[in-house]
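Accompanying notes for the structure given below.
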Amino acid sequence: MMEYIPFFLLAAGLYGLTRRNALKVLLSAEMVSLGAIILVAGSQYQALALFLLGASAIEAMVGFTVLLWLYKTFETVDLDVIRGLRG
Amino acid sequence: MALNIEWFMDFLAFVMVIAGAIGMMESKRMVRSIMYFLLLVLGLALYLFVEHVYYLSLYLIVVYSGVAMIFILFMGMFLGDKEMKEGGAASSLAGWAFVGILFFLLSGFSVAFNFPVLTMHDIAGTIFGQYGFVLLLLGLLIFSALASVFSMIEEVEE
């Protein structure tokens, strides 16, 4: 049952990336990287899992800093409203 | 028929991960989303614990609880009084997250500079005896689960 969890995390994370709330998008990206960590943790490369864990935690903090600046600038974290860099 | 504890913990971890993911997506409030995310992380840590990957399980809890705590506290600072009140509920995570990060750093230094005395296993073993590390990990698991449950209850009460 738990063998499918990395794939569930990947699928749920990809679904979450389509949401409007920037925080949920950030946490969904974390879910994808957690899926990778769990996948690697089951293998013989557990040191890599530890490294990935640190990297994804740092990524979360950087993302959160960006999110705070977005909120201070636009006073919302709704990604449909923040459209300054649209192509 | 005896209850297969490993199967039960595996199932519990599965439920925690699924509930955490669905709750995070569907929750309307930011702090609650983060708490559900923490539930998901706890589920994964429990799964790793069952799979005997103790170090990674502990680090997963410590790192993501620290991240969640910082998320909530900073959110409270920047988004106003109401959110700050909710952020305060999660501040109980701060103390043990700090201790955990200290362990993490100490074991990192011990590996890097070859000071075997400072490994986390040795520290826990000295304090709790032969099964110290397992006991320490179980304690942290229970404490973190309790802390997140209490923060959720406080949030619901508000």
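The values are calculated or read from the model by the stated rules, or taken from the named source; none is laboratory data. Please read these numbers as outputs of a predicted model, since none were measured by experiment. All Cβ positions, glycine included, derive from the backbone under ideal geometry; neighbour counts span all protein chains shown. Heads up: the accessible areas ignore ligands, DNA and RNA and are worked out on the full protein's heavy atoms, side chains in. Shrake-Rupley method; radii C 1.70, N 1.55, O 1.52, S 1.80 Å.
Roughly how many nanometres apart are two label points built 7 Å out from the Cα toward the Cβ at A:I58 and A:F7?
In this crude label model, A:I58 to A:F7 measures out at 3.2 nm.
Would you work out the charge dipole size for chain A about its Cα centre, treating the Cβ of every Lys and Arg as +1 and the Cβ of every Asp and Glu as -1, and quote it to the nearest 20 debye? Could the numbers behind the result be given before it?
Working: 6 positive and 6 negative charges, 51 e Å.
The dipole of chain A has a size of about 240 debye.
Please work out, to two decimal places, the log10 of the ratio I(q)/I(0) at q = 0.19 Å⁻¹ from a Debye calculation in which every Cα of chain A carries one identical scatterer.
-0.87
So what's the angle, to the nearest 10 degrees on a 0 to 90 scale, between helix A:46-74 and the longest Cα principal axis of chain A?
Roughly 10 degrees between the two axes.
Could you calculate the FRET efficiency of A:S43 with B:R29 from 1/(1 + (r/R0)^6), where r is the beta carbon distance between them and R0 is 25 Å, rounded to 0.05?
On the way: r = 37 Å, r/R0 = 1.49.
Once rounded, the FRET efficiency stands at 0.10.
Quote the total accessible area buried by chains B and A together, excluding ligands, DNA and RNA, probe 1.4 Å, nearest 100 Å².
So the buried area, both faces added, is about 3200 Å².
May I ask for the net charge around B:I18, where only other residues with Cβ less than 14 Å from the Cβ of B:I18 are counted and Lys, Arg are +1 while Asp, Glu are -1?
Details: positive: none; negative: B:D10, B:E26.
So the environment of B:I18 carries a net charge of -2.
Filter the trypsin sites (Lys or Arg not before Pro) in the stretch B:17-63 to those in DSSP coil with at most 14 other Cβ atoms within 10 Å of their Cβ, and list the result. Don't jump to the answer; show the numbers that get you there.
On the way: sites: B:K28, B:R29, B:R32; in loops: B:K28, B:R29.
Sites meeting the loop and neighbour criteria: B:K28, B:R29.
Could you work out, residue by residue across B:51-62, how many beta carbons of other chains sit within 10 Å of that residue's beta carbon, and then give the average as an integer?
3
Can you tell which of A:M2, A:M61, A:L48 lies farthest toward the positive end of the dipole of the stretch A:2-84, using +1 and -1 charges on the Cβ of basic and acidic side chains (Lys, Arg; Asp, Glu)?
A:M61
Report the extension gain between A:E75 and A:Y15 in nm, rounded to one decimal, defined as 0.36 nm multiplied by the number of residues separating them, less their alpha carbon distance. Mind dumping the intermediate values first?
On the way: separation 60, 0.36 × 60 = 21.60 nm, distance 2.51 nm.
Taking 0.36 nm per residue and subtracting the Cα distance, the gain is 19.1 nm.
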